[in-house]
Amino acid sequence: MNKKLISHIFFLTAFIAGIVIFPHPAVSRTRDVTLKNIVIANSRDNLLAYFTVDKAFTDKINDALLKGVPISFSFFISIHKKRDAWLDKKIVDMKISNTLKYNTLKQEFTIVRPWEGGQPFVTKSMEEAKTMMCDVYSLTIAPLNLLRKGEQYRIGIKAETNRSSQPRYLQYLLLFVSMWKFETRWYEVNIIY
């Protein structure tokens, strides 16, 4: 083997080992974004979910938001009917997304929550806007006629940032900023209807 090839392999191996052993602080830090206050209830006709995303906003997300970068959170909800002899049967699999934008000229925040009819909510308060982004309430997750009385169901809920709403050039830049992105684990609630 040629000495140049051996030295390239050595430096490449050392570089990869350095990344694995001594990762960049932004990559090695984890965020403790969680879902809390999860409540499953029903109205006369529908099964409803209530929950809050906790610790979703970091200083980097706040700074990007105030510069006019839109932020979108996606929520995934699934309902499975529990079965003893077979795999659980999927009844519902849905995704909704909240979007928050800041208009730097008007200095106001616009939040779109599609399950509330898609009408934008406008406020001058950043705290109110962040609360509206993180609080999900009265979300219809299934009509009650999909469920059978006396049966057991498992409801899964998960939240994450949605980069697809970001401008294309920011998607590539933000790919390496771990403090921008979050994804919660699946939270499960078991119910008997």
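Rule-based calculations on the coordinates, nothing more; no lab input. These numbers come from a predicted model, not from an experiment. So basically every Cβ, Gly included, is an ideal-geometry build from the backbone, and we count neighbours across all protein chains shown.
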Q. Which one of 186, 131, 104 is farthest out on the positive end of the charge dipole of the range 31-192, using unit charges on Cβ (Lys, Arg +1; Asp, Glu -1) and the Cα centre as origin?
A. 186
Q: At 7 Å along the Cα-to-beta-carbon direction for both residue 145 and residue 44, put a label point, then send me their distance in nm to one decimal.
A: 1.5
Q: Give me the number: length gained by fully extending residue 93 to residue 188, i.e. 0.36 nm times residue separation minus the C-alpha to C-alpha distance, one decimal in nm.
A: 32.8 nm
**Q.** Nearby aspartates and glutamates by direct alpha-carbon distance to residue 89 (threshold 20 angstrom, same-chain neighbours under 8 apart not counted)
**A.** 151, 188
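Roughly speaking, what is the stretch gain from residue 32 to residue 54, that is 0.36 nm per residue apart minus the C-alpha to C-alpha distance, in nm to one decimal?
Residue separation times 0.36 nm, minus the Cα-Cα distance, leaves 7.1 nm.
Taking a threshold of 29 Å on the Cα-Cα distance, which of the pairs 36/181; 81/101; 36/149; 81/130; 90/130; 60/158 fall above it? Walk me through the intermediate numbers first.
Working: 36/181 19 Å; 81/101 38 Å; 36/149 27 Å; 81/130 34 Å; 90/130 32 Å; 60/158 22 Å.
Too far apart for the 29 Å limit: 81/101; 81/130; 90/130.
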Q: Taking the Cβ of each residue in 154, 113 as the centre, tally the other Cβ atoms inside 10 Å and list the residues starting with the fewest.
A: 154, 113
